[in-house]
Amino acid sequence: PFRQGALLSRRKAFWASFKPMVEAFGSERRALEINDDIIETIARSGADKTSLYVASPFGKLEDREEAFMSGFAEHLPFLGNLVNRSERAYVTFLNKLRVDAFESMGQRFKTTDPTERAALMEQTAKWLNTATGRGNISPNSLMAHTNALFFSPRWFMSRLEVMNPQTWFNAPPELRAEMAKDVVSYVGAGLTALGILKASGAAFGFDVNIETDPRSSDFGKGKVGDTRYDL
């Protein structure tokens, strides 16, 4: 949640997705029931008419969440069951977050013209994909190869897309306002946490350094002694 989902942490859908995640970890039957609810929400919200990404732990490698881009670990003795449970929880959280956030945003948008609304919801789907670490790597078949060379290439690409001015220029005004709130909230939470870390160091007498130079590889990190905390 606090890696791929953190950019949407101001949204109710983010916090509401924790319970289904835990339930999916505990029970495959419950995971399937939650997935049925997600499918209903997709149909109700019109998400199936957009590029909103919904992962499947049982599909091709390129269709899965990239933290689970291999099926090898699922067959390990003792650990395989834990890996399966972990992937169910991971996929359930992100699918629930994306779909519920999509429906919630669609309900707030006032655009009624069918053509304009279709375009707006497609852009919304793209933003939610980007915000939850699904950067665009095309063609999709490259995923299995890039993931073998780099850890989480889609996540890395998604963060470049967030910072890309074209992402913002292409977004309709209604969506751009939502995107700005997501980013400001995300950055604000990080700055608050760094501020608390700095204050804690002063209060308890240990040395804390917060790197503010954007040219440094430690930019945005808190350093306590020789340990760096990358929020």
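One residue stands out in the range 148-159 among those that are farther than 17 Å from Leu128 by Cβ and assigned to a helix (DSSP H, G or I): the one that is modelled with the lowest pLDDT, namely Ala148. Residues in the range 92-107 that are closer than 14 Å to Ser56 by Cα and open to solvent by 10 Å² or more (accessible area, probe 1.4 Å): Thr92, Lys96. Cβ separations smaller than 6 Å between residues 6+ apart or across chains give the following pairs from the range 181-210 residues that are small (Gly, Ala, Ser) to residues that are assigned to a loop (DSSP other than H, G, I, E, B) and open to solvent by 60 Å² or more (accessible area, probe 1.4 Å): Ser185/Arg10; Gly190/Leu231; Ala193/Leu231.
In the range 209-231, which residues are in a strand (DSSP E or B) and under 24 Å from the mean Cα position of the chain (by Cα)? Selection gives Lys221, Gly222, Arg228, Tyr229, Asp230. Could you go through the range 38-46 and let me know if any residue there is over 17 Å from Met121 (Cα atoms), open to solvent by 30 Å² or more (accessible area, probe 1.4 Å), not in a loop (DSSP other than H, G, I, E, B) and not polar (S, T, N, Q). Within the range 38-46, one or more residues are over 17 Å from Met121 (Cα atoms), open to solvent by 30 Å² or more (accessible area, probe 1.4 Å), not in a loop (DSSP other than H, G, I, E, B) and not polar (S, T, N, Q). Residues of the range 19-35 that are closer than 12 Å to Phe93 by Cα and surrounded by 15 or more Cβ atoms within 10 Å (Cβ to Cβ): Pro20, Met21, Glu23, Ala24, Phe25, Ala31, Ile34, Asn35.
What are the pairs with Cβ atoms under 6 angstrom where one residue, in the range 63-80, is closer than 12 Å to Arg154 by Cα and modelled with pLDDT of 65 or more and the other, located anywhere, is open to solvent by less than 50 Å² (accessible area, probe 1.4 Å) and not in a helix (DSSP H, G or I)? Sequence gap at least six, or different chains. Pairs found: Glu65/Ala55. Residue count for the range 188-208 under the criterion of being open to solvent by less than 70 Å² (accessible area, probe 1.4 Å), assigned to a helix (DSSP H, G or I) and among the hydrophobic types (A, V, I, L, M, F, W, C): the result is 5.
The values are calculated or read from the model by the stated rules, or taken from the named source; none is laboratory data. Just so it is clear, the structure is predicted and the values come from calculations on it, not from any experiment. Glycine gets a Cβ as well: all are built from the backbone with ideal geometry, and neighbour counts include every protein chain shown. Please note that ligands, DNA and RNA were not included when accessible areas were found on the heavy atoms of the full protein model with its side chains. Shrake-Rupley method; radii C 1.70, N 1.55, O 1.52, S 1.80 Å.
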